[in-house]
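The values are calculated or read from the model by the stated rules, or taken from the named source; none is laboratory data. Since this is a predicted model, take the numbers as computed values, not measurements. We place every Cβ from the backbone using ideal geometry, glycine too, and count neighbours over all the protein chains shown.
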Amino acid sequence: MTTEMTETPVPTRQPSATEPLDALARLESEAIHIFREVAGEFDRPVILFSGGKDSTVLLHLAVKAFWPAPVPFPLLHVDTGHNLDEVIDFRDRTVERYGLRLVVANVQDYIDDGRLEERPDGTRNPLQTVPLLDAIAGNRFDAVFGGGRRDEERARAKERIFSLRNSFGQWEPRRQRPELWNLYNGRHRAGEHVRVFPLSNWTELDVWRYIKREAIELPSIYFAHRREVFQRDGMWLTAGPWFGPRADEPTQELTIRYRTVGDGSCTGAVLSEAADLDEIIAEVSASRLTERGATRADDRLSEAAMEDRKREGYF
Amino acid sequence: MSDLLRLATAGSVDDGKSTLVGRLLYDTKSVLADTLDAVHRASVDKGLSTPDLSLLVDGLRSEREQGITIDVAYRYFATPKRSFVLADTPGHVQYTRNTVTGASTAQLAVLLVDARKGVLEQTRRHAAVLALLGVPRLVLAVNKIDLVDYDEAGFEVIAKEFTDHATALGYPVGSVLSIPVSALVGDNVVERSPHTPWYTGPTLLQHLEDVPVEPDPHDAAFRFPVQYVIRTNTAEHTDYRGYAGQVAAGTVRPGDEVVVLPAGRRTSVARVDTPDGALTEAEAGRSVTLVLADEIDISRGDLIATATEAPVPVDEFDATLAWLSDKPLRAGARVLVKHGARTVQAVVGELSARFDEQKLATVPAPQTLDLNEIGRVRLRTAEPLPVDDYAVNRRTGAFLVIDAGDGSTLAAGLVGAGLQALETDRNWGGTAATTGDLVSPGP
């Protein structure tokens, strides 16, 4: 070995040799194990990275799994074109800090050249599926890491950590492989790929507690701030050129924060004064709404909204 | 005390398992308002007067339509004492493979019976599968106790019958608890029931919070499957070479003498690395990177084990298979075996016995092993594997059988002849009556 590689920066906390293996440490070890299995068994893995809290935790775990070597995978972002600037800035800074390669699949490109049509409600989350599948096929990615958690939604609760997708990217719940012990079966045929969910067993609260323990940086929109918002379908949406407001939707400046990062037209903010991690953890602990129910219009579409989208090849 | 408990549920159709899980989530306030609203709406749509808590867990469209649970659902709830990862496994007979899946990682299993029906054949089969997979503790939830007027005598009969069965399967006294519950109205699930003053034990949730768990075999001999070789060369880490993996059993410390299998080269541990700093020891369940004292050739799939108590790599061994595929297994089948981080080709030799679920006995020399059947086989592998007996180590005694053609998972594999312990009724009278060592699933 002659060439000197760049050091992979890890936001380390105080090392402790005697820290017990508590629930969070177990979840961390499990996720790291999953990352290493994929690195050992697949040729072209990729990490879905949106700059949201789950994918940021995912990337942090990947960095820890391969430290002190760099993460041996590129990142993929399916950009709806409806993202808040703070999130895109954060995404780009994070990618640069770790020296990774970012592949961006733009929904806007598909709309511009007519491959996809803007929906009447302006929501672009469902439009992500085609650019995602094209990016997977075009780059011949065979393993795609996502930040999905089983506590998010009932259909996700049934999905495996290694979730085989057919050559159309579809999830077939009746044909899932049994997942035994911590032995993962990543075998797939040419054209198929496997979605891998290292955070499967984490809850929203676990994610926040881990962010605090590891001092992981997040986009500022997760913390309470003043913002021009308007109300639609009971959710607070950011006023901006893409999302509205329509003429009958008055805007006002409120103190809000985001619980999830997604397409701006259907991802709502919550009224919140939680300005730091302790306050967010307290707020999430006391919350009576799930994060998707509180902030995602697309998951409210039908009782089986998520299952249907996953069957089509969604995350 | 561990602050994380992994548990699985099992039971027959209509025992009210989804309702029980829904009740646990509901009463621990793990269900949030919007989810509950959706359940209320769907219950009203179905013409029900009270919310159907099973809708909290039946996640797939076909499950809700048919009113049955098809697939393992994972649920998460927490109390101030513990976090719980719950694998809710379907009771429908053709989905036994899901029970195997849920049980493979469980530290405790909750079996449900209907107080009006008592212990059924399927209850006995489920208990046998849980024993085979080494789930250390069982809870028998005698459900719908409200429908038998909270009858103590009836409960005692069911509890005794089940405890006797579990004891025959190798469960030590104290590892099995029976609780009278009503998932529908909530008796003894989270809140103590006023209707069962004769029951002095803990509620289900109290038991789940307080039951001791030995999450990983800490005292066992050290085992470390190498998942990935981490190499880099930086100013801080000159010619770094570390072996990444998760401690599967035992504990490792710097200075420990180890052997790398299957090659058999000996060396010692120089450092136990993590990004948070080097550790003075790493116990089972922890993902770390080992730096060794000598430069020897190690790659993914190798096993690093304690030098004093290392497994002997074998290329032929007895195993118990829980067959999970529609395609029947026949002697001579060519398959892949994934053990630890190594996948090797294998040939199934003779099928030496099949477990008769009805009689809880083994039948010698079956022609095939079909979906949901459990049998003992002889396996020959293309390369030697450093296996342990499953009864000794659930991690390094487990393997997957994979279809080399389509990549599907064919079977859950357990090294050794653990099936013998399940012969609680040794009534087939075969000459090869195996009365070998009982597998003790408990600590």
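Determine if the stretch B:295-307 includes at least one residue that is in the same structural domain as B:Gly245 (by TED's automatic domain parsing) and out of contact with any strand residue (DSSP E or B) (no Cβ under 7 Å at 6 or more places or on another chain). Yes, because at least one residue in the stretch B:295-307 is in the same structural domain as B:Gly245 (by TED's automatic domain parsing) and out of contact with any strand residue (DSSP E or B) (no Cβ under 7 Å at 6 or more places or on another chain). Is it fair to say A:Trp171 is modelled with pLDDT under 90, touching a Ser or Thr at 6+ places or on another chain (Cβ under 9 Å) and of a type in the set (Phe, Trp, Tyr)? It is true that A:Trp171 is modelled with pLDDT under 90, touching a Ser or Thr at 6+ places or on another chain (Cβ under 9 Å) and of a type in the set (Phe, Trp, Tyr).
Restricting attention to the stretch A:186-239, the residues that are surrounded by 23 or more Cβ atoms within 10 Å (Cβ to Cβ), away from every other protein chain (no Cβ under 13 Å) and more than 16 Å from A:Val261 (Cα to Cα) total 2. B:Ala432 - would you say it is buried (at least 18 other Cβ atoms within 10 Å of the Cβ), modelled with pLDDT under 90 and either of a type outside the set (S, T, N, Q) or in a loop (DSSP other than H, G, I, E, B) (or both)? In short, no.
So that you can scan it fast, the table gives a plain yes or no per residue for (1) of a type in the set (Val, Ile, Thr); (2) buried (at least 21 other Cβ atoms within 10 Å of the Cβ); (3) in a helix (DSSP H, G or I):
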residue	(1), (2), (3)
A:Ser55	no, yes, yes
A:Leu58	no, yes, yes
A:Leu61	no, yes, yes
A:Ala65	no, yes, yes
A:Leu76	no, yes, no
A:Asp89	no, no, yes
A:Val95	yes, no, yes
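Just one of B:Thr196, B:Thr163 is of a type in the set (S, T, N, Q), in contact with a strand residue (DSSP E or B) (Cβ under 9 Å, 6 or more places away or on another chain), in the same structural domain as B:Leu24 (by TED's automatic domain parsing) and not in a loop (DSSP other than H, G, I, E, B); which is it? Only one candidate qualifies: B:Thr163.
Can you find even one residue in the stretch A:98-116 that is in a helix (DSSP H, G or I) and loosely packed, with under 14 Cβ neighbours inside 10 Å? Yes, that holds for at least one residue. Each residue in the stretch B:111-147 was checked for being farther than 15 Å from B:Ala10 by Cα and surrounded by fewer than 17 Cβ atoms within 10 Å (Cβ to Cβ), and 3 of them qualify. Evaluation of B:Ala263 against the conditions (1) part of a strand (DSSP E or B); (2) more than 7 Å from chain A (Cβ to nearest Cβ); (3) within 31 Å of the chain's Cα centre (by Cα) shows that the sole unmet condition is (1). Exactly one residue out of A:Lys212, A:Lys158 is within 19 Å of the chain's Cα centre (by Cα) and not assigned by TED's automatic domain parsing to the domain that holds A:Leu84, and it is A:Lys212.
Filter the stretch B:278-297 for residues that are surrounded by 14 or more Cβ atoms within 10 Å (Cβ to Cβ) and over 23 Å from B:Thr343 (Cα atoms); which is farthest from the other protein chains (Cβ to nearest Cβ)? Applying the filter and picking the extreme gives B:Ala293. Just so you know, in the stretch B:298-318 the residues that are part of a loop (DSSP other than H, G, I, E, B) and of a type outside the set (Lys, Arg) include one that is surrounded by the most Cβ atoms within 10 Å (Cβ to Cβ), and it is B:Asp302. For the residues B:Ala333, B:Ala322, B:Ala361, B:Ala341, the requirement of being without any contact (Cβ under 8 Å) to a residue 40 or more places away in the chain, buried (at least 18 other Cβ atoms within 10 Å of the Cβ) and not assigned by TED's automatic domain parsing to the domain that holds B:Arg253 singles out B:Ala333.
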